[in-house]
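First comes the structure, then the notes that go with it.
Coordinate-derived values only; no laboratory data. All of these numbers come straight from a predicted model, not from anything done at the bench. Positions of Cβ are backbone-derived with ideal geometry, glycine not excepted, and every protein chain shown enters the neighbour counts.
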Amino acid sequence: QVQLVESGGGLVQPGGSLRLSCATSGIIFRLYAMAWFRQAPGKQRELVATFTSGSSTTYAESVKGRFTISRDNAKNTMYLQMNSLKPEDTAVYYCNARFGPQNFWGQGTQVTVSS
């Protein structure tokens, strides 16, 4: 059974930081392309950050320089370090794993940036 479990969300003040984790099971983690998406109320789900070929990464323009995606293949876990958070970063953040035709999602974790 494939599971992607996000954690680390919460309420943070503008300018603060959070670190999200995505713990996976049931997949050969190192083979999967991993990504973080987010969805704000009333908006479409958008790509935040992803690993492209090998260990290369791509970020949405809105988070470049503030967010860092990383992965630990030994722990089957992906991370998203979010610094200098802004109110517009408020959303549910989702973990995504892709390999060939397989495409899995986590249940999401809420991030709220507010004073």
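For GluC sites (Glu not before Pro), the sites in the range 1-101 that DSSP calls loop and that have at most 16 other Cβ atoms within 10 Å are Glu61.
The alpha-carbon of Lys86 sits under 20 angstrom from the alpha-carbons of these aspartates and glutamates, leaving out residues fewer than 8 places away in its chain: Glu46, Glu61. Cross-link partners for Lys75 among the lysines, with Cα-Cα distance under 28 Å and sequence neighbours closer than 8 places in the same chain left out: Lys64.
Shown in residue order for the range 13-26 are the 3J(HN,Hα) couplings computed by the Karplus curve 6.51 cos²θ - 1.76 cosθ + 1.60 at θ = phi - 60°: 6, x, x, x, 10, 9, 10, 8, 10, 10, 8, 10, 8, x Hz (x for Gly and Pro). Would you tally the net charge around Arg98, using a Cβ to Cβ cut-off of less than 15 Å, leaving Arg98 out, and scoring K and R as +1, D and E as -1? Every neighbour counted, the sum reads +3. Taking a straight line from the alpha carbon of Lys43, these aspartates and glutamates sit under 15 Å away, with near neighbours fewer than eight places off in the same chain left out: Glu88, Asp89.
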